[in-house]
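Accompanying notes for the structure given below.
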Ligand code: DGJ
């Protein structure tokens with residue numbers, strides 16, 4: 001049993017293979033958090049200490065006992081109004097306008113399998129793979145009920161959390177903040193690892209101590225954002241890749257979020273993750289329920305590398321869905337950086353012809369195939385094929401491409417509308433524009449109100465007409481601006497604070513419908529590259545275009561940051577032309593290929609401009625990727641270097657789970673006169689195994705490579721790379 005409740009002590013214990021999580025219903029019915037960390041068996045309530053906290057709030061039930069204060073005690077779901085002055089999960093406005101809530105334990109349920117969430121993405125599992133604990137709490141004064149969900153997947157050391165808030169009272173209440181999870185640490189010094197960035201430079205790692213005062217990351221942009229990823233790690237100060245205690249929190253949601261970390265007055269640490277409370281208020285009428293999106297938690301006592309691999313596995317196997325989740329993804333060529341909006345049907349077919357000769361498996365037609373889309377300021381919303389530009393219906397292009405032996409994929413941006421479009425002229429009120437104000441433009445486009453079903457349904461029908469007209473086998477789902485003018489014509493003035501949450505639910509409903517109607521279409525998420533790279537989107541499509549930055553050297557850092565929370569199979573990554581369009585940098589084709597192979601692989605350039613020698617190299621890359629697909633996507637991923645370090649290397653490795661083979665990649669990030677020799681230590685090999693370097697034929701002992709490392713061959717020029725494929729030949 002992964003979940004146990006001891007009636008005599010009121011202690012809930014959740015066990016995964018290598019972690020334990022404990023909480024206790026105390027004598028007042030408050031649900032206290034006791035422990036989260038490496039696996040233990042005994043009760044952990046001895047960790048709680050009680051001292052005079054008279055200057056904090058003391059719960060009335062405690063009478064004259066000034067040592068009982070929720071300002072000092074660790075909790076599962078802290079609320080505003082209980083004397084806890086730290087940041088809380090729940091802030092609720094009562095019918096009388098006061099802000100207060102005091103949740104106490106009422107009952108619980110434990111069952112096999114994993115709970116699901118209506119309308120929201122969530123980890124799923126077979127009955128025998130998981131257990132669920134539901135704890136029901138209630139605020140007696142208002143009648144608000146909170147059900148805390150815990151989904152336990154022992155083999156990945158994963159516990160998922162969610163919350164359902166139901167108004168069981170007789171009058172409406174308003175939620176001003178409804179976070180999903182709180183982790184209270186009684187003692188210890190921790191670092192917070194967050195992944196910040198900007199368009200074309202996403203998910204840079206920043207690690208800093210959690211200090212007194214509040215540190216928060218989040219998004220107010222309507223999408224999870226380029227600026228902060230909804231994934232963070234709390235780690236012991238000394239935790240590294242291979243050792244130390246660490247915790248990961250991944251928010252399974254694609255809209256506004258907030259992650260908080262605070263060291264309090266008593267040296268305790270509180271970490272919160274959930275919906276962003278700014279731009280949010282949610283009116284719950286009597287009988288109505290509200291679901292807080294899921295957070296995936298994982299613990300590793302064996303360092304951050306292991307923590308990442310826990311997330312890789314749970315996301316790949318128990319969050320991504322559909323037939324493509326564990327299948328080889330087609331190697332694709334996308335025309336965006338080859339042509340931008342300036343193409344004809346002939347040009348697209350020419351790229352296809354080149355691609356087929358090189359072994360590429362799919363051609364993706366990016367932006368510009370619809371309406372009058374010759375510039376990025378027009379036609380979004382008019383999902384009608386531009387037959388003049390393509391030289392015929394979409395089906396004629398697709399048939400030609402299919403006849404070359406290639407699949408065909410298409411770019412769409414369903415949530416957007418251009419002011420210069422037939423849709424906007426017919427339905428200006430479908431765009432999010434605040435009445436009486438001029439909208440804020442971004443990329444010259446407006447956002448459609450996807451919180452309204454009729455709006456989403458119209459777009460759905462027009463996209464289906466296109467998808468039904470031709471054999472489309474892949475969709476690139478883009479979103480190229482943030483939501484600013486938050487307004488829905490259908491929502492009343494008391495409900496405008498719900499619009500962004502309902503927008504995201506509308507997006508999920510739409511994606512779900514597309515997925516059900518077209519189970520054979522592979523969906524790749526995109527949001528100006530990696531602006532909506534989150535676990536929520538991965539529930540609807542198993543890969544996401546990682547960044548609009550295709551420069552291999554920048555990509556090493558972007559993909560490094562991404563690897564902390566997301567599997568390699570989720571990372572859309574392409575080889576593009578040099579000089580690179582975003583940075584002007586020229587990187588050898590070999591290195592561009594090696595970097596893009598650490599993802600769902602493809603090309604994004606005019607293949608016709610390659611020299612014959614380059615074409616041969618591309619052929620070899622495509623073959624290498626196909627040959628190693630299983631190792632790359634299913635293998636254990638190891639970060640071997642920190643590419644942010646001055647003079648650092650880009651070094652990573654895929655090792656088969658059974659240690660039978662490994663693929664090492666090293667990229668020189670800079671070069672110097674009279675160079676030093678760089679070394680890397682391999683990981684994940686069988687210590688007693690003997691491995692053969694497939695190219696050089698040299699034999700190595702697994703233990704030697706993992707303990708002594710290996711010298712990286714000298715590279716004459718910067719940005720050169722070296723790959724070594726090791727195969728197990730025997731064991732001592
Ligand atoms: C942004 C995407 O990330 C690009 O790859 C490309 O699809 C453009 N949008 C098209 O407008």
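Where a number appears in this text, it was derived from the coordinates with a stated rule and is not lab data. Nothing here was measured: the structure is a model prediction, and the numbers come from that model. Glycine gets a Cβ as well: all are built from the backbone with ideal geometry, and neighbour counts include every protein chain shown.
Per-peptide packing, taken as the mean over residues of other Cβ atoms within 10 Å, places 307-314, 35-42 in the sequence 307-314, 35-42 from highest down. Taking the square roots of 5 times each eigenvalue of the Cα gyration tensor of the stretch 294-333, largest first, gives ellipsoid semi-axes of 25, 13, 7 Å.
Expressed as a fraction of 2.2 N^0.38 Å, the value expected for a compact globular protein of N residues, the C-alpha radius of gyration of the stretch 127-194 is 1.45.
Between residue 266 and residue 27, the FRET efficiency estimated from the beta carbon spacing at R0 = 25 angstrom works out to 0.70.
Semi-axes of the equivalent ellipsoid of the chain are 43, 35, 21 Å, computed as sqrt(5λ) over the eigenvalues of the C-alpha gyration tensor in descending order. Equivalent-ellipsoid semi-axes for the stretch 681-732 (Cα gyration tensor, √(5λ), whole Å, largest first): 22, 12, 8. Taking every alpha-carbon pair under 8 Å whose residues sit at least 6 apart, the stretch 464-606 reaches a relative contact order of 19 percent.
Mean residue ellipticity at 222 nm, helices only, the chain: -6000 deg cm²/dmol; runs of at least 4 DSSP H residues each add -39,500 (n - 2.57), and the sum is divided by the number of residues. Projected label points at residue 613 and residue 374, each 7 Å from Cα along the beta carbon direction, are separated by 4.0 nanometres.
In plain terms, the chain from residue 204 to residue 1 could stretch by 69.2 nm, reckoned as 0.36 nm per residue minus the Cα-Cα distance.
What is the log10 of I(q)/I(0) for the stretch 431-504, computed with the Debye formula using one identical point scatterer on each Cα and no solvent, at q = 0.15 Å⁻¹? Debye curve over Cα of the stretch 431-504, log10 I(q)/I(0) at q = 0.15 Å⁻¹: -0.61.
Reducing the stretch 626-645 and the stretch 131-171 to their Cα centroids gives an inter-centroid distance of 37 Å. Considering all C-alpha pairs of the stretch 273-369, those separated by over 22 Å amount to 63%. Dimensions of the stretch 111-248 based on its C-alpha atoms, expressed as ranges along the principal axes with the largest first, amount to 47, 37, 35 Å. Pairwise Cα separations in the stretch 226-323 fall into 5 Å bins from 0 onward with the following percentages, short to long: 3, 11, 17, 18, 19, 14, 9, 5, 2, 1, 0.
The label-point distance for residue 112 and residue 642, in a model that sets each label 7 Å from Cα toward Cβ, rounds to 4.6 nm. Here the relative contact order of the chain, from alpha carbon pairs under 8 Å that lie six or more residues apart, stands at 10 percent. Averaged over residues, the count of other Cβ atoms within 10 Å places the peptides 114-127, 555-568 in the sequence 555-568, 114-127, highest first. Counting every pair of alpha carbons in the stretch 622-731, the share spaced more than 24 Å apart comes to 24 percent.
Translational diffusion of the stretch 80-190, estimated by Stokes-Einstein from the Kirkwood radius over alpha carbon pairs at 4 °C in a medium of 1.567 mPa s, is 83 µm² per second. Here the stretch 511-631 has an Rg and Dmax of 15.0, 45 Å, counting Cα atoms alone.
A protection proxy built from the mean count of other Cβ atoms within 10 Å ranks the segments 452-464, 414-426, 328-340, most packed first, as 328-340, 414-426, 452-464. Once Rg and the Kirkwood radius are both taken over the C-alpha atoms of the stretch 1-98, their ratio Rg/Rh works out to 1.02. For residue 214 and residue 140, a Förster radius of 41 Å and the Cβ-Cβ distance give a FRET efficiency of 0.85, rounded to the nearest 0.05.
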